[in-house]
1. With respect to the cross-link table entries LYS139/LYS167; LYS91/LYS156; LYS75/LYS156; LYS75/LYS111, which display a Cα-Cα separation exceeding 24 Å?
2. What's the exposure ranking of LYS8, LYS83, LYS238, going from fewest to most Cβ atoms within 10 Å?
3. When a/c is below 1.5 the answer is rounded, else prolate if a/b is larger than b/c, else oblate, so apply that to the stretch 60-139 with a ≥ b ≥ c taken from the square roots of the Cα gyration tensor eigenvalues.
4. Can you give the FRET efficiency for HIS108 and ILE70, using 1/(1 + (r/R0)^6), R0 = 30 Å, r = Cβ-Cβ distance, to the nearest 0.05?
5. What list do you get for ARG117, ARG205, ARG190 if you sort them by fewest beta carbons within 10 Å?
6. Which residue, ASN80, TYR204, SER134, has the largest displacement toward the positive end of the dipole of the stretch 60-204 when charges sit on each Cβ (Lys, Arg +1; Asp, Glu -1)?
7. For the stretch 89-243, what is the relative contact order in percent, using Cα pairs closer than 8 Å and at least 6 residues apart in sequence?
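Read-outs: derived from the displayed coordinates by stated rules, not from any lab. Predicted, not measured: the structure shown is a model, and the values here were computed from it. All Cβ positions, glycine included, derive from the backbone under ideal geometry; neighbour counts span all protein chains shown.
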Amino acid sequence: MRTRANIKEKLKDLAANSRSNQEELVREARRILKQELFSDKKILDNLKQYNKANEVLDEENIDSDLVFRIEEIRKIAIVNRLKFLESKLYKSEVPYEAVLRIKYLNDHFYKDIAHFRILSHPESFVNGGLDHESLLFAKTNYDNYYLIHSWGKKPKWYRHYQFWPLKKFETLVISLLIFTLVIALVLPTRLITLDASATYWSGYRAAAFFHLLIFNLGVTAYITFAFGKNFSSSIWNKYKDFD
């Protein structure tokens with residue numbers, strides 16, 4: 001029996017597998033540049049940015065295994081059809097454990113952390129009282145995101161496959177082609193044509209495939225607009241699916 005997927009673990013696995021040595025060198029270079037930005041003689045020149053530093057976490061002082069790049073979060077959000085939005089848009093209840101964790105970080109690092117974001121099911125940002133798996137993040141000084149706390153029920157293991165067609169336009173087209181091809185192949189020849197001499201592999205079956213494809217495209221377009229379905233790649237960081 002398949003177990004439920006864990007968004008937190010999947011995010012960690014993605015980060016571990018996608019980060020190359022070259023990318024780590026680039027991150028280190030950016031870290032050095034940021035440190036130079038806040039050197040004593042440059043603080044006054046960059047006072048606005050310096051003041052905001054109190055609202056974000058310093059990556060040098062936190063667990064690097066819980067720090068994720070926006071590209072990594074984006075990939076997980078698109079694959080699992082999740083949204084990554086500001087915490088103020090989250091309609092469900094944030095557990096008290098998350099609040100305590102934020103207080104601890106503020107006290108421990110002498111910060112007043114802001115810029116919180118939550119990765120969760122789209123319904124969590126529309127309806128309250130839901131218990132979908134949710135991950136709370138805080139921004140770091142290198143524009144990455146630190147995972148503060150996670151809670152809620154894990155999504156079903158098949159969610160990744162369920163929403164694969166809605167990842168982006170290309171995956172929808174591929175799904176429609178495969179679905180239409182399967183139907184065209186399983187249809188008996190007698191349902192495709194009245195020509196008694198027609199064989200299984202004939203022009204009739206090819207014609208049936210293209211007619212079915214046009215029909216499926218029309219139905220898909222109707223469902224997309226009638227039920228407000230947009231591609232995950234377009235809405236993962238937007239509150240509304242259609243602006």
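1. LYS139/LYS167; LYS75/LYS111
2. Working: LYS8 17, LYS83 24, LYS238 13.
Final ranking by Cβ density, sparse to dense: LYS238, LYS8, LYS83.
3. Working: a/c = 2.38, a/b = 1.32, b/c = 1.81.
In terms of gyration-tensor shape, oblate.
4. Details: r = 25 Å, r/R0 = 0.83.
The pair HIS108/ILE70 has a calculated efficiency of 0.75.
5. Values: ARG117 22, ARG205 17, ARG190 10.
So the residues, fewest neighbours to most, are ARG190, ARG205, ARG117.
6. About the Cα centre, the residue reaching furthest to the positive side is TYR204.
7. Working: 157 pairs, mean separation 25.0, N = 155.
Value for the stretch 89-243: 16 percent.
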